[in-house]
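Okay, structure first, notes after.
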Amino acid sequence: MATQTVHTNGIYHGLPTFEPSHKNLSAVITGVNGISGQHMLRILAEAPERWIKSPEEIGEVLKKEGVKADYVFFYSYIQVEPKEGAGLWSNAVDMCTVNTKLLSIFLEALPIASIKPKPIMLQTGAKNYGLHLGPTTVPQEESDPRVLLEPNFYYPQEDYLWSYCKQ
């Protein structure tokens, strides 16, 4: 199997490169609507009993609908309500718990639906480098050490994904 490589296109970095011989691929993209998806999630979450919640239920729906995916792009996250009178990221511990659970439920559904993607791309952002806490190193590189001034939901998500992929 060939190594997956990435490329840059203008301001977009880390884009997957596909060999021309690869045809008929499929992908699952979560959170593709960003802000819109976030607000819809809040509305839908007002009545969680209506929605599929467990990996087993999600996996069965994916299987029933015939969803296949060679690639998975995970962009989803839930913005937890901040503490009363505090900043947007003040509930860091809850952000870690909720967002790692969001990723784990999705990933645990994949084998139930017999989906075994080649790569799984977990989208992270500037908070991964501590930008929300103050000045950071420039340029920011994936090899930079983690910023451990406070809990950061990207780190347990990354750890979970590494663990999942090793299995």
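Couplings 3J(HN,Hα) for the stretch 93-106, derived from phi with the Karplus relation 6.51 cos²θ - 1.76 cosθ + 1.60 (θ = phi - 60°), are 5, 5, 4, 4, 4, 5, 6, 5, 4, 4, 5, 5, 4, 4 Hz, where x marks Gly and Pro.
Whole-Hz Karplus values for the stretch 115-128 come out as 9, 10, x, 5, x, 10, 9, 9, 6, 10, x, 4, 4, 4 Hz, taken residue by residue from phi with 6.51 cos²θ - 1.76 cosθ + 1.60 and θ = phi - 60°; glycine and proline positions read x. Separation of the stretch 147-165 from the stretch 55-115 is 14 Å, based on Cα centroids. Counting Lys and Arg as +1 and Asp and Glu as -1 over every other residue whose Cβ lies under 15 Å from the Cβ of Trp89, the net charge comes to -2.
For the stretch 80-91, 3J(HN,Hα) computed residue by residue from phi via the Karplus equation (6.51, -1.76, 1.60; θ = phi - 60°) reads 6, 4, x, 4, 3, x, 10, x, 4, 9, 6, 9 Hz, glycine and proline entered as x. Note on the stretch 53-165: dipole from Cβ charges, positive end direction compared against Pro117, Thr137, Phe153; the farthest Cα belongs to Pro117.
Order the following by accessible area, largest value first: Thr100, Thr5. Probe radius 1.4 Å; ligands, DNA and RNA are ignored.
Descending accessible area places them as Thr5, Thr100.
Accessible surface comparison of Leu103, Leu62, probe 1.4 Å, protein chains only, largest first: the order is Leu62, Leu103.
Distant-in-sequence amide contacts of Leu122, defined by a placed amide H-H separation under 5 Å and a gap of 5 or more residues or a different chain, comprise Phe74.
How do Cys165, Cys96 rank by accessible surface area computed with a 1.4 Å probe, from largest to smallest? Please report the intermediate quantities before stating the final value.
Details: Cys165 80, Cys96 20 Å².
From most accessible down to least: Cys165, Cys96.
Accessible surface of Thr8, taken over heavy atoms with a 1.4 Å probe and every protein chain present, rounds to 80 Å².
The values are calculated or read from the model by the stated rules, or taken from the named source; none is laboratory data. Here the structure is a predicted model, which means the values were calculated and not measured. Because the Cβ atoms are built from the backbone with ideal geometry, glycine has one as well, and the counts that use them run over all protein chains shown. Heads up: the accessible areas ignore ligands, DNA and RNA and are worked out on the full protein's heavy atoms, side chains in. Shrake-Rupley method; radii C 1.70, N 1.55, O 1.52, S 1.80 Å.
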